[in-house]
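Here it is, the structure in full.
The values are calculated or read from the model by the stated rules, or taken from the named source; none is laboratory data. Computed from a predicted structure; not experimentally measured. Please note: Cβ atoms are built from the backbone with ideal geometry, for glycine as well, and neighbour counts cover all protein chains shown. SASA here: full protein model, heavy atoms, side chains in, ligands and nucleic acids out. Shrake-Rupley method; radii C 1.70, N 1.55, O 1.52, S 1.80 Å.
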Amino acid sequence: MANEQTENVTCRINGIEVTVPRGTRIIEAAEQAGIGIAHYCYHPGLSAPAMCRMCLVEIEGVPKLQPACVSTVAEGNNILTESERARESRKGTLEFYLINHPLDCPVCDKSGECRLQDFVHAEGPKHGRLRDAKVIFGQDDFGGNILYDGDRCIMCTRCVRFMREVAQDDLLGVVQRGHRSVIDTFFEQGLDDSPFHTNIVDICPVGALLDKDFLHKARVWDLDHAPSICPNCSQGCNIRIDTRDNLVQRLRPRANPDVNSYWMCDYGRHSYEWMNGTDRIEAPLVRDGERLVAQNWQPAMLALLDRLKQRAGSVRIVGSPMLSNEDNGLLARLGSLLGAAAPVYRSARAEDEVVLPGFPKLARRRELAANGRGLSALGFERVGDDRAQGGLTSADVLIVLGDELADLPADFGRDASLFVYLGHRLHPAARNAHFVLPVSTFAEQEGTFTNFEGRVQRFWPALQPPPLARPAWQVLGVLLAGLDDGPAPADAANAFLRVGSFFEPFAGLTYEMIGTRGALMNEPVAIGAGGGD
Ligand code: SF4
Ligand code: SF4
Ligand code: FES
């Protein structure tokens, strides 16, 4: 009664009182109360057709069970998701799904994260009663990255709705009727040219849609997961890195309504093989005449410090937009201590942005690296062309972080009196360095990237680095300490605070404030303005 004029309504779900804004669907109100309601066709990023009938719940005083995905809570509702009637309904629904489902869990890529498997295991029928043969559809290549297994499809239409509502590229439809219904593309037109279509694999609740890239690669229960940020453009999509045997097996989106909703682009999703590269620098290398000699960290760092203290002439600093704010921030600090000119970086740029029409805040940005915006906030200048080539010149003292120098001539940096290379791989130009120091990639360490709109976002380690590789912030922190610029940071959070103490855009921010959804840095930013990158 009191709530008639207000925005909120209060109801009880399984005896738990919950107050939610008027218009909230039961399934969402239940989630706020910590109660999961089984569902297939409902997805928070899509419209709800209420067609799978899994989410039926009992509302006291309402004669029929109601679909929780479309019914909204009303003041005083007493909702029961575990009543005898609700349970019987789910059991019956599952029995219908199992009439034609092939139950090929032992060979299905979705096994271990399949909602049919989960719900049947939890409360489905123990035995099938049907003796007729199952309907057989077989597999269909939908083009692009997708294989369709019609036998496993439960016709929830999430994939069709994603293509229609979010990708706004109506390339899938339901054909035929009743138990002959099947998802299909239109004639010969497949999904090939649709840049966000692999999201349908994530949202398919069963193993009917398969990503060709992940096909039969790993059982999902063998995978380790790490929350991370896609490094492949400046959008900063929140992702999960799934690994096995210290190799990235797949990237999947992680929900963040401020950045990427539930989605990510196909380009970013499938650009991960570089993280698995084996040709890594394994140990610190120190020049001895014409040779580079492997050394332990301590003697290498002591020798480097000596050389840095005796340096003379111009100093040039090169950073990397594929590495964190912490790494590049301490590099920029080292540059300013050494009296370097403005530090520089190179990054590849695509011709255009590729926008997701149903969530236009998400686009594959022109800048094909995660942290270009972070580097500008740290005072770096972008040089070189859109292929991340050219623009680098040598100097008396040259310190390069992360840039592979792959396009540069084999004699690049030979005339420098001190050339320090911190990186992952040893291309010919990097072999001219006096000190080669192995550092971890972003996927092997904790840190932050700053996305196109100035949102600082955290990522966590997904892979083990080579045994002697260290995060660049750790190496640079030790060098700074050796130059009497304060103690070396003990961890990534501390390194971030150090960066904030030198660079105003990051001042006052902490890992706690950034949390899992990110925080805007202290710079005027035009949110949603794309920024042309
Ligand atoms: S393919 Fe998957 S997402 Fe599409 S209708 Fe079938 S079960 Fe649903
Ligand atoms: S839009 Fe950018 S950040 Fe997002 S998945 Fe694609 S490449 Fe990665
Ligand atoms: S989730 Fe409610 S009917 Fe499918």
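Averaging over every viewing direction, what projected area does the convex hull of the Cα atoms of segment 1-107 cover, in nm²?
The directionally averaged projection comes out at 8.2 nm².
Hey, another quick one. Given C-alpha coordinates of segment 380-457, what is the ratio Rg to Rh with the Kirkwood estimate of Rh?
Working: Rg = 14.0 Å, Rh = 13.9 Å.
My calculation of the ratio gives 1.01.
Per residue, how big is the convex hull around the C-alpha atoms of segment 335-390? Give it to me in cubic angstrom, could you? Can you show the working numbers first?
On the way: hull volume 4.1 nm³, N = 56.
For segment 335-390, the hull spanned by Cα atoms encloses 72 Å³ per residue.
Express the relative contact order of segment 268-404 as a whole percentage, based on alpha carbon pairs under 8 Å and six or more residues apart in sequence.
Working: 195 pairs, mean separation 37.1, N = 137.
Result for segment 268-404 is 27 percent.
Beyond a 30 Å Cα-Cα separation, which of these cross-linked pairs lie in this structure: LYS126/LYS212; LYS64/LYS110; LYS110/LYS134?
Working: LYS126/LYS212 33 Å; LYS64/LYS110 34 Å; LYS110/LYS134 20 Å.
From LYS126/LYS212; LYS64/LYS110; LYS110/LYS134, over 30 Å: LYS126/LYS212; LYS64/LYS110.
Over the chain, with the other protein chains present, what is the accessible area per residue in square angstrom, probe 1.4 angstrom? Intermediate results must be reported in sequence, preceding the final value.
Numbers: 22900 Å² over 533 residues.
About 43 Å² of surface per residue is accessible.
Tally up the carbon and sulfur contribution to the accessible surface of the chain as a whole percent, 1.4 Å probe, everything protein left in place. Please report the intermediate quantities before stating the final value.
Numbers: 11560 of 22900 Å².
That fraction is 51 percent.
Same structure again: In square nanometres, what is one fourth of the surface area of the convex hull spanned by the alpha carbons of segment 291-348?
On the way: hull surface 22.4 nm².
Here the figure is 5.6 nm², rounded to one decimal.
Would you mind putting 474-486, 451-463, 99-111 in packing order, based on average other-beta-carbon counts within 10 Å, highest first?
Details: 474-486: 19.2, 451-463: 23.2, 99-111: 16.0.
Result, highest mean first: 451-463, 474-486, 99-111.
Please compute the volume of the convex hull spanned by the alpha-carbon atoms of the chain and report it per residue in Å³.
Per residue, the Cα convex hull of the chain comes to 174 Å³.
Turning to a different aspect of this structure: Which aspartates and glutamates have a Cα less than 20 Å from the Cα of LYS217, not counting those fewer than 8 places away in the same chain?
ASP104, ASP109, GLU113, ASP140, ASP141, ASP149, ASP202, ASP242, ASP245, ASP266, GLU273
Classify segment 33-191 from the C-alpha gyration tensor, please: rounded if a/c falls under 1.5, else prolate or oblate depending on whether a/b exceeds b/c.
On the way: a/c = 2.17, a/b = 1.39, b/c = 1.56.
Oblate, because a/c is 1.5 or more while a/b does not exceed b/c.
Then there is this: Can you give the calculated 222 nm mean residue ellipticity of the chain, where each DSSP H run of n ≥ 4 adds -39,500 (n - 2.57) and the sum is split over every residue, rounded to the nearest 500 deg cm²/dmol? Provide the component values of the computation, followed by the final result.
Numbers: 12 runs with 104 residues, N = 533.
Taken over the chain, the calculation gives -5500 deg cm²/dmol.
Let me ask another. Can you give me the Kirkwood hydrodynamic radius for segment 314-429, using every pair of distinct Cα atoms, in Å to one decimal?
Values: mean 1/r = 0.0672 Å⁻¹.
When all Cα pairs of segment 314-429 are included, the Kirkwood radius is 14.9 Å.
Follow-up. Under the √(5λ) rule applied to the eigenvalues of the Cα gyration tensor, what semi-axes describe the equivalent ellipsoid of segment 250-379? Give them in Å, descending. Provide the component values of the computation, followed by the final result.
Working: eigenvalues 274, 77, 31 Å².
The three semi-axes for segment 250-379 are 37, 20, 12 Å.
Report the Cα-based extents of segment 132-243 along its three principal axes, largest first, to the nearest Å.
Answer, in whole Å and largest first: 46, 33, 21 Å.
Let me ask another. Measuring from centroid to centroid over Cα atoms, what is the spacing of segment 87-111 and segment 347-415 in Å?
49 Å
A follow-up question, please. Accessible area of HIS43, 1.4 Å probe, to the nearest 10 Å²?
20 Å²
Could you sort the peptides 8-18, 73-83, 158-168 by per-residue average Cβ neighbour count (10 Å cutoff), highest mean leading?
Descending mean neighbour count gives 158-168, 73-83, 8-18.
I'd like the orientation of helix 84-100 relative to the chain: the angle between its Cα long axis and the longest Cα principal axis, in ° from 0 to 90, rounded to 10.
80 degrees
Something else now. Quick query: amide H of CYS52 versus all other amide H atoms, modeled in the peptide plane; which residues come in under 5 Å with a sequence gap of 5 or more or a different chain?
Excluding prolines and chain starts, which carry no amide H, the hits are CYS41.
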